[in-house]
There are 6 protein chains.
Amino acid sequence: MKEEVFYGKGMERVKEEDGDLYQAIVALNDAVWNGKALDYRTQKLIAIGIAASNGDSRATEKQISSAKNELGITREEVEDVLKVVLLTSGMQPFNKALQIANKVFE
Amino acid sequence: MKEEVFYGKGMERVKEEDGDLYQAIVALNDAVWNGKALDYRTQKLIAIGIAASNGDSRATEKQISSAKNELGITREEVEDVLKVVLLTSGMQPFNKALQIANKVFE
Amino acid sequence: MKEEVFYGKGMERVKEEDGDLYQAIVALNDAVWNGKALDYRTQKLIAIGIAASNGDSRATEKQISSAKNELGITREEVEDVLKVVLLTSGMQPFNKALQIANKVFE
Amino acid sequence: MKEEVFYGKGMERVKEEDGDLYQAIVALNDAVWNGKALDYRTQKLIAIGIAASNGDSRATEKQISSAKNELGITREEVEDVLKVVLLTSGMQPFNKALQIANKVFE
Amino acid sequence: MKEEVFYGKGMERVKEEDGDLYQAIVALNDAVWNGKALDYRTQKLIAIGIAASNGDSRATEKQISSAKNELGITREEVEDVLKVVLLTSGMQPFNKALQIANKVFE
Amino acid sequence: MKEEVFYGKGMERVKEEDGDLYQAIVALNDAVWNGKALDYRTQKLIAIGIAASNGDSRATEKQISSAKNELGITREEVEDVLKVVLLTSGMQPFNKALQIANKVFE
């Protein structure tokens, strides 16, 4: 759970070859998602907003996919996140993220 | 309510001199914060995460201040937002936003 | 006219499912491109510069394509925009945008 | 003319201590602003849009000030630039740049 | 040593109130600066380049100051970093960082 | 040597059609990589860090490839660069760059 960040060959190599770094990333990941005041679902919605606002297609797709698969986050919830992206960060990142969301929820 | 974005002389001038633009911004603002699946409080936390991730001191301070004053959002909630900023966007924006949060909640 | 921003399935869904948001985006779009001191052509060149400077490939291609098709903006004009991107924002976004421009005008 | 970029002690030192770099920057500056299809005024408006979109207060102020003093660019023209920033890049950089513009034209 | 990142009241509070997060940040910091192929000095120069390229004044000043005080990194070395920033990321972040470097080494 | 930046049809056209701009870019490139205090290898590592931190896939791949082919920079050295990206700029650009590095060194 909350492990989606470790997928991929990239992180596999880090685990094998740089154990200290891998352990630090795991510990950071655990400490971050373990909110004291906000639940994991809310933090996940924030992570989608950040990835989309930065125009990072890869991170946006990963965050929306894991939000949907892991937490059952709906298209409507993602759209409410993307509205905040539109207001704060404009049409360019909004349009890009909207396309990604439509693909994930298609 | 939800009007904090209109404060400041900048927007005052827009209102007086470019009524169409002002009306469009008001309408966008209303449509954005009027989430269908997420409440205003959750959207506000997302806006804090986006401002902090972008390293925008001015927007981060405005968002945290209005979150606190308008919605009673707590220091602990903001810290849980900033943890997501740390993981996704690194120590540079995290440190900057942490200082701002400490000033607002001091 | 000036409608290129609405293309794509993403915005189609917004129109159907969130009429208030769609109307606000249309109103904002109309108010923005309706410059009081600058013509639409000049504003379009500014939009190309912003998209290119941000390294946003998708937005850069859309802006250059619509500039060419809708307004007859030439390769030479786009190159003069990209020179400003080079000076202000460096070789990384300049090279990326130059490739996109060459593809559009090929 | 077009020399505003060289002001400041920073560039003075470059001139004295790294002549090759200084000459290269001068040559680049000359080649950039010497548009083949666009005039200097239009390129300057593009530079304002890029600085504002990036949320760079220092560059935004320098560009707007030199646009006003060197070329007589008006508040209305700058506002039409900032509308494009609003649409493409959102309220956060728009609000920041609007305040700067108001200060310069006050 | 390598501790500059923990200064400031912000991180003090994290230490007191969120021990897990603090320990994870310390572990990450240790794992990052403990390069297998590059020494700390080279990694520090990279951190200066990243902070300057991002236009983050606060992080740029902190990185240059600690580079100078902790490692004896010289003005000439910082200038060679900033040249890379100029080429890759343009005059806007270069000028901003050059001013900061001049202040630190004044 | 150090010429990788000029590859590609984009720059070919600049050379043919805008000789002044091309010469200025060549002169800037020469002045930048000709460090007074740092060697080319160290500057190259800084360029990789900047490209990766900005989340620019195209520039990151070009910089890592030319670092490997031109200078024999190793996977371990690149990983030590990317650790700095992780700490300063977060998991999103780190993950993206790690995948690119794995492809280049595969």
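Only the coordinates and a few stated rules stand behind these numbers; no lab work does. Just so it is clear, the model here is predicted, and its values are computed rather than measured. Here Cβ is always computed from backbone atoms with ideal geometry, including for glycine, and neighbour counts include all displayed protein chains.
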Fill in: Label 7 Å beyond Cα on the Cβ vector: A:GLY19 copy-to-copy distances, nm
2.5, 5.8, 6.4, 6.4, 7.3
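Kindly provide the helix-only [θ] at 222 nm of the protein assembly as shown, computed as the sum of -39,500 (n - 2.57) over DSSP H runs of four or more divided by all residues, to the nearest 500 deg cm²/dmol?
Working: 36 runs with 498 residues, N = 636.
When only DSSP H runs of four or more count, the value is -25000 deg cm²/dmol.
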Worksheet, complete the sentence: Kirkwood Rh over alpha-carbon pairs of chain A plugged into Stokes-Einstein at 25 °C, 0.890 mPa s gives a D in µm²/s of 168
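Kindly flag which residue pairs out of E:LYS44/E:LYS83; B:LYS62/D:LYS96; D:LYS68/E:LYS96; A:LYS96/E:LYS44; C:LYS96/F:LYS62; B:LYS15/D:LYS83 have an alpha-carbon separation exceeding 23 Å in this structure.
Numbers: E:LYS44/E:LYS83 16 Å; B:LYS62/D:LYS96 11 Å; D:LYS68/E:LYS96 21 Å; A:LYS96/E:LYS44 35 Å; C:LYS96/F:LYS62 11 Å; B:LYS15/D:LYS83 14 Å.
With Cα atoms farther than 23 Å apart: A:LYS96/E:LYS44.
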Worksheet, complete the sentence: Sorting from shortest, the nanometre distances separating the label point of F:ASP30 (7 Å past Cα along the line to Cβ) from those of the same residue in the other copies are 1.5, 5.0, 5.7, 5.7, 6.3
Worksheet item: How high is the relative contact order of chain D, in percent, counting Cα pairs under 8 Å that sit 6 or more residues apart?
Response: 24
Item to complete: Provide the net charge surrounding B:SER89, with neighbours chosen by a C-beta distance below 14 Å and charges set as Lys +1, Arg +1, Asp -1, Glu -1.
Response: 0
